[in-house]
Amino acid sequence: MPLKTKGSLEYKNTELLTTIKANFTGKLQLARIRLICLFITSLCKVKSVNFSKASTGFDNCAETSSNYRRIQRFISSVDLQIQWISRLIFALIPAQKSYVLVMDRTNWKFGKQDINILMLGISYKNMCFPILFKMLDKRGNSNTKETKELINTFIDWFGKDCIDCLLADREFVGEDWIGYLNDNRIEYYVRIRNNFKVHLPGKQKEITVSHLFNNLKPGQTRQYHKIVSIHNQLCYISGTKVITDGKVDFCIIISFNKPEKALDTYKIRWQIETLFKAFKSSEFNIEDTHLQKIDRLEKLIMLVMTAFVWCYKIGDYIDTIKPITIKKHGNRLISVFKLGLDYLSRLLLSKNQYKPLNINCFSFLSCT
């Protein structure tokens with residue numbers, strides 16, 4: 001017998017619909033805006049993007065099979081544009097003069113299909129808000145054309161002046177890419193591999209970059225305050241020696257300027273790894289999807305992005321009125337995102353309008 005969901009939470013759907021409608025009126029039909037509300041609330045309850053699971057969490061009186069077909073139709077035919085979602089998320093981030101951008105890539109495999117996502121995020125507190133992404137129809141690293149496209153889109157929509165700097169790991173170190181950042185005077189802190197060759201103009205010689213940091217003790221840092229050349233591009237360089245699994249390693253960062261800030265600023269990059277963890281097996285289980293067509297995956301990711309920001313903003317607010325416990329080693333007992341997700345999930349699953357902290361969760365997706 002088909003499972004039916006009860007409409008006891010209809011008041012909650014109405015509140016969320018009012019908020020979401022303000023962002024999509026004139027762009028999508030009301031029925032499709034309502035589907036977005038139903039899907040992201042269900043995602044926060046069942047914690048999976050799998051359509052079969054998500055369709056059981058809809059707060060309506062329709063049969064589960066009907067909800068399943070509605071999700072399929074939305075994903076296959078609705079024109080949901082990334083610009084709408086990006087502008088919504090950007091508006092939800094507290095206004096700042098400039099923002100730290102973080103670029104990285106994540107992938108997984110479904111059967112023989114490689115799912116490969118190039119993501120650009122905005123650092124905020126201890127998290128990275130997803131702002132733009134590009135599905136790569138291949139396996140492996142992105143190329144300069146793809147990374148430039150992401151940054152150029154961000155600049156077109158939000159302006160270059162709001163970029164404080166860009167952080168990226170060892171995948172993003174090509175000559176054309178660093179040249180693009182230099183030419184556009186976009187400040188960056190990018191990690192490079194230990195065996196890269198660096199040309200020292202003052203000494204007119206080329207050496208392996210790790211040799212500049214060999215005589216450091218573990219934990220010590222050094223900033224090379226003279227301009228060097230890597231891949232024929234001028235930059236500054238900073239580094240530290242670390243011990244990883246009993247082996248000597250280096251963290252070496254190239255930058256447009258301000259090498260004294262490089263190592264501390266680069267540490268922020270881990271926030272995008274936390275974002276990917278929330279998207280994947282940690283909470284939303286995006287790997288549960290059976291979608292393989294890029295355009296359909298894009299729409300699913302946009303919905304997950306919206307749900308993620310909603311949960312994080314709720315958790316961030318709760319943390320200000322009831323701070324998360326800090327454990328002895330300095331880590332939080334629970335992440336801000338998970339705090340928000342767990343609170344929202346309990347609220348959505350309740351049948352008695354559970355509001356122990358007396359906060360309106362549905363207002364956190366409002367840009368007003």
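Could you let me know the centre-to-centre spacing of region 221-259 and region 101-179, using Cα atoms, in angstrom?
Using only Cα atoms, the two centres lie 22 Å from each other.
Full-extension gain between residue 221 and residue 277, please, as 0.36 nm times their residue separation minus the C-alpha to C-alpha distance.
Extra length from residue 221 to residue 277 when fully extended: 17.2 nm.
Roughly what would the spin-label model give for residue 78 and residue 185, points 7 Å off Cα along C-beta, in nm?
So the label points at residue 78 and residue 185 sit 4.3 nm apart.
Viscosity 0.692 mPa s, temperature 37 °C: Stokes-Einstein D of the chain from its Kirkwood Cα radius, in µm² per second?
This corresponds to a translational diffusion coefficient of 147 µm²/s.
Go ahead and run the numbers for FRET between residue 50 and residue 234, Cβ-Cβ distance against an R0 of 30 Å, rounding to 0.05.
For R0 = 30 Å, the calculated efficiency reads 0.05.
Given the alpha-carbon gyration tensor of region 16-129, what are the semi-axes of its equivalent ellipsoid in whole angstrom, ordered largest first, with each equal to the square root of 5 times an eigenvalue? Display every interim value, and only then the final one.
Values: eigenvalues 146, 85, 36 Å².
Those come to 27, 21, 13 Å.
Under 18 Å from a point 7 Å along the Cα-to-Cβ line of residue 155: which residues of region 168-185 have their amide N that close?
168, 173-185
State the Kirkwood hydrodynamic radius of region 86-273 in Å, one decimal place, computed from all pairs of distinct Cα atoms.
So the Kirkwood estimate lands at 17.5 Å.
Do the alpha carbons of any pairs in 53/299; 27/125; 47/299; 148/313; 27/97; 148/197 sit beyond 26 Å of each other, and which pairs?
Exceeds cut-off: 27/125; 148/313; 27/97.
Report the label-to-label distance for residue 107 and residue 290 in nanometres (one decimal), using points 7 Å from each Cα along the Cα→Cβ vector.
So the label points at residue 107 and residue 290 sit 2.5 nm apart.
Give me the extension gain from residue 331 to residue 143: residue separation times 0.36 nm, minus the current Cα-Cα distance, reported in nm with one decimal.
In short, 64.1 nm is gained.
Counting only residues 5 or more places away or on other chains, whose amide H sits under 5 Å from the amide H of residue 142 once H atoms are built in the peptide plane?
For residue 142, whose amide H was placed from the backbone, there are no distant partners under 5 Å.
Could you pull out the chymotrypsin sites (Phe, Trp or Tyr not before Pro) across region 274-368 that fall in loop regions by DSSP (anything but H, G, I, E, B) with no more than 14 other Cβ atoms inside 10 Å?
Numbers: sites: 276, 279, 284, 308, 310, 312, 317, 337, 343, 354, 362, 364; in loops: 284, 354.
In loop regions of region 274-368 (DSSP not H, G, I, E or B), the sparsely surrounded chymotrypsin sites (Phe, Trp or Tyr not before Pro) are 354.
Residue by residue through region 283-293, which ³J(HN,Hα) values in whole Hz follow from phi under the Karplus form 6.51 cos²θ - 1.76 cosθ + 1.60 (θ = phi - 60°), with glycine and proline marked x?
9, 8, 6, 5, 5, 6, 5, 9, 5, 10, 6
What's the extension gain from residue 357 to residue 322 if we count 0.36 nm per residue and subtract their Cα-Cα distance?
Full extension from residue 357 to residue 322 adds 11.7 nm.
Report Rg/Rh for region 215-368, rounded to two decimals, where Rg is the Cα radius of gyration and Rh the Kirkwood radius.
On the way: Rg = 21.3 Å, Rh = 19.4 Å.
Using only Cα positions, Rg/Rh for region 215-368 is 1.10.
Read-outs: derived from the displayed coordinates by stated rules, not from any lab. Just so we're clear, the structure is a prediction, and the values are computed from it rather than from any experiment. Positions of Cβ are backbone-derived with ideal geometry, glycine not excepted, and every protein chain shown enters the neighbour counts.
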